[in-house]
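Just so you know, all these numbers are worked out from the coordinates, no wet-lab data involved. Values in this document were obtained by computation on a predicted structure and should not be read as measured data. Positions of Cβ are backbone-derived with ideal geometry, glycine not excepted, and every protein chain shown enters the neighbour counts.
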Amino acid sequence: MAKNPVKIMETVLRDGHQSLCATRMRTSDMMPQLEALDKVGYKALEAWGGATFDTCLRFLDEDPWKRLDTLKAHLKTPIQMLLRGQNLLGYNHYSNNVVEKFVQKASEHGIGVFRIFDALNDVRNLKVAIEAALKCKEKPEVQGCLVYTLSPVHTNETFVELAKELQSMGCHSVCIKDMSGLLKPYVAEDLVKKLKSALDIPVELHTHCTSGFGHATYLKAIEAGVDIIDTALAPFSSDTSQPCTETMIRMLEGTDRDTGIAVQQLTPISKHFLEVKKRLIKEFNLKGYFDINPNVLDFQIPGGMLSNLANQLKEAGMEDKYQDLLDEMPRVRKDVGYPPLVTPSSQIVGTMATFNIMSGERYKMVPNEFKDLARGKFGKTPVPVDRDFLTKTLHVDPSEIITDCSIEDAKAESFADFEAELKKKGYLNPSEEDVLSYALFPQVAEEFFQAHFKKITAYVK
């Protein structure tokens, strides 16, 4: 046995296929290998959250709650989910009791690790979700995130201070969430050393290979003492996904950080998921493979978002403006206070940059979501947004500027409001889970309900 084995959190059931195959993996694709995955010895299996909830309802004709039930029935390894704090899995802020109800239900259905983050690293947006998870009777692990980014105001020292605050809020562990592969190997070494010195709880590292740093960043973090790393089985690894599970296990064999996982048992599992990947690429007309782009350190948009923006330009007959778009993104991000670029801020900043390029005039057309980000509806930006930019360029009335987003959250629709809406639409006695699905994705969920209500006794028109 190694003196200090690195633990592995496997992402093939969530972020792996979200990064490379648009989250299109079905529960039926996972089922044949669940028992094998359960025997590997992983610290956890990430299988829910992120875009999986939306995609189940929108594209796969699946109930995400039933997927979770299925996974729970076949796994003893903790199931991990990614949760966007007060955003949950949607793109708006939800009222406190909706957040609390969602966390409670997710725990009941089998979530064993809640990874909770906020796009702005505003702890006010994490408080309700963290406290709700800590109160769950199933006693899940509650993990707080440092959303990693590069800017003039983000330093390793500021991330350490954030981590200390998360520990004081009761988090059982912290995760460095590097969603775009921005974390350089030696910077990772320094950050992990500082975190290990400042904290009494485990430190996990999540990165992507978009820049090409991935495996090297993990190695330096491991040398610095990181406790857990996130990896994906070979077919769903690298490119814009996580470093490869098999590669990292073999890299550490025979060292004092040896994972203790027998890598040979992963071969048949990976063969299965390679066939799944090929089928998904063909069925959904996906690219499936992405080039490394070291310039991501400049524009910082996650890979999946880049492909969507490029497609928007192509549809508008402006494909030749792609580089202009990449150049515009850092300028827009600076204007709006250097937010880390992760859902939903990445979509908001990316869309604004696209509008600027397509219109030929900066801020001629401004989406409401961008105004909301700038005026504080999503929380406090790392740098205060310039007052003149807010009022004169974006035409935000000073009375609409928000200093405490939690006050606005209290005004949001309650769980009872969403339940009443569903009943008003003719759905009698909807389950609490279905009310939550509707709260997060009203139109998509209702279309799903309309297709299935005859099969579900809860829905009677």
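Note the listed values (1) 1.10; (2) 0.95; (3) 1.16, then indicate which one is Rg/Rh (Cα atoms, Kirkwood Rh) calculated from this particular structure. Working out Rg/Rh (Cα atoms, Kirkwood Rh) from the coordinates points to (2).
Once the chain from Ala2 to Ser28 is taken as fully extended at 0.36 nm per residue, the excess over their C-alpha distance is 5.7 nm. Loop-located chymotrypsin sites (Phe, Trp or Tyr not before Pro) in segment 274-344 (DSSP state not H, G, I, E or B) with no more than 15 neighbouring Cβ atoms inside 10 Å: Tyr289. Extending 7 Å from Cα along the Cβ direction at Ile402 and again at Asp61 yields two label points whose distance is 3.8 nm. Extension gain for Lys76 to Gln443 (0.36 nm times residue separation, less C-alpha to C-alpha distance): 128.7 nm. Think of it as helices only: each DSSP H run of n ≥ 4 in the chain is worth -39500 (n - 2.57), and spread over all residues that comes to -13500 deg cm²/dmol at 222 nm. In plain terms, the chain from Glu275 to Asp256 could stretch by 3.4 nm, reckoned as 0.36 nm per residue minus the Cα-Cα distance.
Residues Glu413, Glu46, ranked from the fewest to the most other C-beta atoms within 10 Å, line up as Glu413, Glu46.
Assuming charge only on the beta carbon of Lys and Arg (+1) and of Asp and Glu (-1), the dipole of segment 151-228 about its Cα centre is about 120 debye to the nearest 20.
Between Phe389 and Gln264, the FRET efficiency from the beta-carbon distance, with R0 = 51 Å, is close to 0.35.
First measure r as the distance between the Cβ atoms of Glu165 and Lys282, then evaluate 1/(1 + (r/R0)^6) with R0 = 60 Å and state the FRET efficiency to the nearest 0.05. The partial results should precede the final answer.
Working: r = 47 Å, r/R0 = 0.78.
After rounding, the FRET efficiency stands at 0.80.
Take the Cβ atoms of Lys194 and Asp291, set R0 to 41 Å, and the FRET efficiency comes out at 0.80.
Of the GluC sites (Glu not before Pro) in segment 326-401, the ones in a loop by DSSP (not H, G, I, E or B) with at most 14 other beta carbons within 10 Å are Glu361.
Averaging the Cα positions of each part gives two centres, and for segment 245-319 and segment 1-76 these lie 15 Å apart. Modelled spin-label separation between Lys425 and Tyr91, with each label point placed 7 Å from Cα along the Cα-to-Cβ direction: 1.7 nm.
Enumerate by residue number the trypsin sites (Lys or Arg not before Pro) in segment 47-110 meeting two conditions: DSSP loop (anything except H, G, I, E, B), and at most 14 other Cβ atoms within 10 Å of the site's Cβ. Answer in residue order: Lys76.
Modelled spin-label separation between Gln323 and Thr158, with each label point placed 7 Å from Cα along the Cα-to-Cβ direction: 3.1 nm.
Among Leu390, Ala133, Gln167, which residue has its Cα positioned farthest towards the positive end of the charge dipole of the chain, with +1 placed on the Cβ of Lys and Arg, -1 on the Cβ of Asp and Glu, and the dipole taken about the Cα centre? Of Leu390, Ala133, Gln167, it is Ala133.
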